[in-house]
Structures are given as C-alpha cells and as structure tokens.
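Each remark here refers to the structure printed beneath this line.
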Amino acid sequence: MKTKLNQLHDRDFNLWIEEVKTAIQNKDAEAMDWDNLLDEIDDMGKSEKRSLESYLELLVAHILKLKYWQTERERNYKHWQVEVVNFRKRIQRLLKRSPSLKTYMEEVYPEIYQDVVDAWQIEFDIPKKTSIALEKILAKDYFG
C-alpha cells in the first residue's frame with residue numbers, strides 16, 4: 001500500500017488525503033506515505049506564515065497611506081480605514097488559530113515594515129527614518 005500512496009500523491013491529491021486519513025485512523029504505519037505527509041505538513045506551516053506576512057504587509061501599507069499619502073487621502077481615507085480593520089482581523093484570526101505565529105510575526109515585522117516603507121516611498125513621501133512599533137500597528141484604534 002505504501003507504494004500506492006506514494007504514487008497516488010502525484011496523481012490524485014484528494015484521494016491521497018483520504019487514503020492517508022484512513023491509514024492514520026487504522027494506525028497502519030506500514031501503509032503510511034511518511035515522506036509526502038511530512039512535506040504536506042511543512043507546506044501547511046509555510047502557508048500560514050505566508051498568509052500572516054501578506055496581511056501584515058497590507059496592514060502596514062494602509063497605515064502608511066493613512067499617515068503620509070496626502071494627495072489620495074480625501075478620496076480614499078474611509079476605504080483605507082476599512083482595509084486596516086479587515087487586515088487586523090485576519091491577523092487576529094490567524095493568531096487565534098496558531099498562537100505560536102505571534103513569535104514569528106515579531107521576528108519578521110522589522111523586515112516587512114522596512115520593505116513596505118521602501119516600496120511606498122516611490123509613491124509618496126515617507127520620512128527615511130520612520131518607525132511604527134508592531135504593537136501600535138496592531139492596536140485597534142491606531143490609523144496612522
């Protein structure tokens with residue numbers, strides 16, 4: 001069965017999941033496709049981290065827009081505020097499901113923040129030495 005599961009992974013992923021699930025339920029270690037299962041679990045963790053990074057990037061970008069982008073401010077202010085609220089809620093949901101991602105977020109935030117600043121300095125004036133703490137970015141009532 002192990003060979004079958006290995007082959008099934010590449011041909012019919014959904015069926016592979018069902019077969020792996022059955023092997024786990026039956027505690028059938030010999031039938032298990034351990035290599036592909038470990039790869040899939042690793043990918044799941046990476047996917048959660050990528051989602052967190054993406055929401056954090058978007059949150060920072062919209063905070064910077066609210067704080068510094070004067071030419072578009074009047075027309076887009078409310079929309080950007082709604083986006084800030086939505087991105088914070090998505091981050092909160094991710095952290096609720098996986099609280100250990102908070103440590104990861106704290107580690108990557110400085111780099112993400114600087115990347116967003118570097119990119120958006122092309123569009124509008126952001127002071128070179130700007131800094132907004134992660135706690136402030138995540139605060140419910142902070143909009144720049």
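Structure summary
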{"read-out": "Qualifying positions in region 86-144 - in a loop (DSSP other than H, G, I, E, B) and of a type in the set (D, E, K, R)", "value": "Glu123, Asp125, Lys128, Lys129, Lys140, Asp141"}
{"read-out": "Counted residues, region 1-48 - those being among the aliphatic types (A, V, I, L, M), assigned to a helix (DSSP H, G or I) and loosely packed, with under 13 Cβ neighbours inside 10 Å", "value": "4"}
{"read-out": "Residue, nearest to Tyr55 (Cα to Cα), within region 111-144, restricted to residues that are of a type outside the set (A, V, I, L, M, F, W, C) and within 15 Å of the chain's Cα centre (by Cα)", "value": "Tyr113"}
{"read-out": "Glu57 under 30 Å from Pro110 (Cα atoms), charged (D, E, K, R), open to solvent by less than 70 Å² (accessible area, probe 1.4 Å) and in a helix (DSSP H, G or I)", "value": "no"}
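The values are calculated or read from the model by the stated rules, or taken from the named source; none is laboratory data. Please read all numbers here as calculations on a predicted model, not as lab measurements. Because the Cβ atoms are built from the backbone with ideal geometry, glycine has one as well, and the counts that use them run over all protein chains shown. For the accessible areas, the whole protein counts, side chains as well, though only heavy atoms, and no ligand, DNA or RNA atoms are used. Shrake-Rupley method; radii C 1.70, N 1.55, O 1.52, S 1.80 Å.
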